[in-house]
Amino acid sequence: MSAPVHDEGRPGPRQERAGRPGRAVWPDRRQEEQQRDDRRQGDRWRAERRGAGRDEVPGGWQDPQPFLRGIAWLDKGSPVRADPADTMRLPWDTGERATLPIGVRLEFTTETATAVEIRYRATVPGPTDALRDLAHGFALWDRHGVVSEVFTEPAAEAVVRIGLGGGDGPFHGPFTIHPPENQSPVVLGLRGIGGALAPAPPTPRWVVHGDSITEGWWATRPAHGWPSVAGRALGWDTVNLGYAGAARGELATAEQLSGLPADVLTLAFGTNCWSRVPFSAPLLYETTRAFLELVRQGHPRTPLLLVSPVLRPDAERTPNRLGATLGALRDAMERAAHDRITAGDARLAVLPGRDLLGPEHLADGLHPNDSGHQVLGLAVATALGRAGFGAG
C-alpha cells in the first residue's frame, strides 16, 4: 500500500512545542559495531555535502542525507544529539532528550521545481500520549521568512507535499524545511516536483549547547527557537545540543563537544544548576572552568561564546538548597570564563544573560515566548559578531 500524501494545508492553531522523551539505547557489543559503522556513514555524509549530492534512491526519491543540516551524530542512520558510543556516562535525562532530532532540517536549492515531496516515518502517539494533540507541521522557509506550513497527522510512513511559493516559479531558494520534532520524524527521501533538488551549499557549523531554553521550549515552532533565529541571522548551520532539564555542566558532555566538528561553539547552561540539581557558587565556578578546559582540549582555537543564564525572576535573589541565588551562580560562570580569558584564551567571549530578556519575554517565568526567543537569538548573533566570530 502506498503511503498517504498530505498536500498543502492552512496553518493550524499556534500550539506550544514541547519535546517528547525518547527511549535511551545503551550499547552492547553489537551496537558498538553498528555505531562504528554509523560514524563511518557520517564521514561519508559530510564528504557528500561537498559534492553535488544528487544521488537518487528507488522510486525517484533522492537520498536525504546530503540535504540534512543540524546533524551532530547518527545512530543506525537516525540523527541523535549525543554520541551513541558514549551514552553510558550521560545522565538519564540527557540521554532521553538526545534522542529527539531538535534542530534537524533540510536545506536545498532548485532551478525549476515548484514543490517538494518528503517521505518520512514518525512515531504515532497512542490515545493516552500527553502530546498527541500538538501540531505536526512542516515549515518551509526562505531567506525572507516563512513561505508556508503544512500540517499533517503523524503516520508510520507518509509523504507530505510543500509548494515552494505562489504562482509558477521559478523558485530557486535556498530553502529550509523544518520538520516537526515531537514525534521524532525520520526523513526517508525527498524529490522535487517539476525539477531536481540540490543540497544548499555548506555553511559554517555552529554547535550550541544548553538546557530547555536552548532546546526551544515554549517557542511555537521549531524554527522560532533562539538557536534557529541566530543561525538564520548569521547564515550558519546550527547544531542544537539543548537538553531540557539537563545541561548542568556534565563533563561527559564537554568531552563529547570536544570531539565534535565545529567552526563556532556556544555554551548556554546554568539555569538548572539553581534548582534541578542545586549547585553552590564555588561548585559552579569550578565546573565551568573544568567544562571549558575539556572543550578546549578538542577545540583549542575554535571561537567560543559563553552565555550566562537569562532572567528567571523567582530565582534571582532566592537561595537554593546550597544557599546560592541564580544571580550568584551567574556571576560564578562569568568569572570562570573571564579568568580563562585573562589567562590568555583570546577566542573565548562572554555574553551576560541577566539583562537580555525582560519579564514580558517569558512565557512561564522561565522559558522565553516567541518574542523572547527572537530577542535572545539576535542578541547572541550580535555578540558573536562583536567578538569577531560572526560571518553575516
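The values are calculated or read from the model by the stated rules, or taken from the named source; none is laboratory data. Here the structure is a predicted model, which is why all the values come from computation and not from measurement. Every residue, glycine among them, receives a Cβ derived from its backbone with ideal geometry; neighbour counts consider all protein chains shown. Each accessible area value is taken on the protein alone, full model and side chains, heavy atoms only, with ligands, DNA and RNA left out. Shrake-Rupley method; radii C 1.70, N 1.55, O 1.52, S 1.80 Å.
Can you name every residue in segment 110-138 that is outside any loop (DSSP other than H, G, I, E, B) and open to solvent by 40 Å² or more (accessible area, probe 1.4 Å)?
R119, R121
Just to be sure I understand, how many residues within segment 310-333 are among the charged types (D, E, K, R), open to solvent by 30 Å² or more (accessible area, probe 1.4 Å) and not in a loop (DSSP other than H, G, I, E, B)?
Total satisfying the criteria: 1.
Report the residue count in segment 227-248 for those that are open to solvent by 20 Å² or more (accessible area, probe 1.4 Å) and of a type in the set (S, T, Y).
Step one: of segment 227-248, the residues open to solvent by 20 Å² or more (accessible area, probe 1.4 Å) are 228, 232-233, 235, 248.
Then keep just the ones that are of a type in the set (S, T, Y); that gives 228.
Looking only at that region, the number is 1.
Just checking, how many residues over segment 90-139 are in contact (Cβ under 8 Å) with a residue 24 or more places away in the chain, among the small types (G, A, S) and farther than 27 Å from R276 by Cα?
Summing the residues that are in contact (Cβ under 8 Å) with a residue 24 or more places away in the chain, among the small types (G, A, S) and farther than 27 Å from R276 by Cα in segment 90-139 gives 6.
Which residue pairs have Cβ atoms closer than 7 Å, lie 6 or more positions apart in sequence or on different chains, and pair a first residue in segment 140-168 that is loosely packed, with under 15 Cβ neighbours inside 10 Å with a second residue that is of a type in the set (G, A, S) and in a loop (DSSP other than H, G, I, E, B)?
The qualifying pairs are E157/A3.
Taking G103, is it open to solvent by less than 20 Å² (accessible area, probe 1.4 Å) and either more than 20 Å from the chain's Cα centre (by Cα) or not aliphatic (A, V, I, L, M) (or both)?
For G103, the condition - open to solvent by less than 20 Å² (accessible area, probe 1.4 Å) and either more than 20 Å from the chain's Cα centre (by Cα) or not aliphatic (A, V, I, L, M) (or both) - is met.
Check segment 179-196 and report whether any residue there is out of contact with any Gly (no Cβ under 7 Å at 6 or more places or on another chain), within 29 Å of V310 (Cα to Cα), touching a residue at least 24 places away in the same chain (Cβ under 8 Å) and open to solvent by 20 Å² or more (accessible area, probe 1.4 Å).
Taking every residue of segment 179-196 in turn, none turns out to be out of contact with any Gly (no Cβ under 7 Å at 6 or more places or on another chain), within 29 Å of V310 (Cα to Cα), touching a residue at least 24 places away in the same chain (Cβ under 8 Å) and open to solvent by 20 Å² or more (accessible area, probe 1.4 Å).
Can you pull out every residue in segment 341-361 that is among the charged types (D, E, K, R) and open to solvent by 60 Å² or more (accessible area, probe 1.4 Å)?
Filtering segment 341-361 down to residues among the charged types (D, E, K, R) leaves 345, 347, 354-355, 360.
R347, R354, D355, E360 - these are the residues of segment 341-361 that are among the charged types (D, E, K, R) and open to solvent by 60 Å² or more (accessible area, probe 1.4 Å).
One line per residue, one yes/no per condition, for (1) farther than 30 Å from V116 by Cα; (2) crowded, with 18+ Cβ neighbours inside 10 Å; (3) at pLDDT below 95; (4) touching a helix residue (DSSP H, G or I) at 6+ places or on another chain (Cβ under 7 Å):
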position	(1), (2), (3), (4)
V207	no, yes, no, yes
A223	no, yes, no, no
E250	yes, yes, no, yes
C273	yes, yes, no, yes
R276	yes, no, yes, no
A281	yes, yes, no, yes
Y285	yes, yes, no, yes
G298	yes, no, no, yes
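Kindly establish whether A349 is under 25 Å from L384 (Cβ atoms) and not in a loop (DSSP other than H, G, I, E, B).
Spelling it out, A349 is indeed under 25 Å from L384 (Cβ atoms) and not in a loop (DSSP other than H, G, I, E, B).
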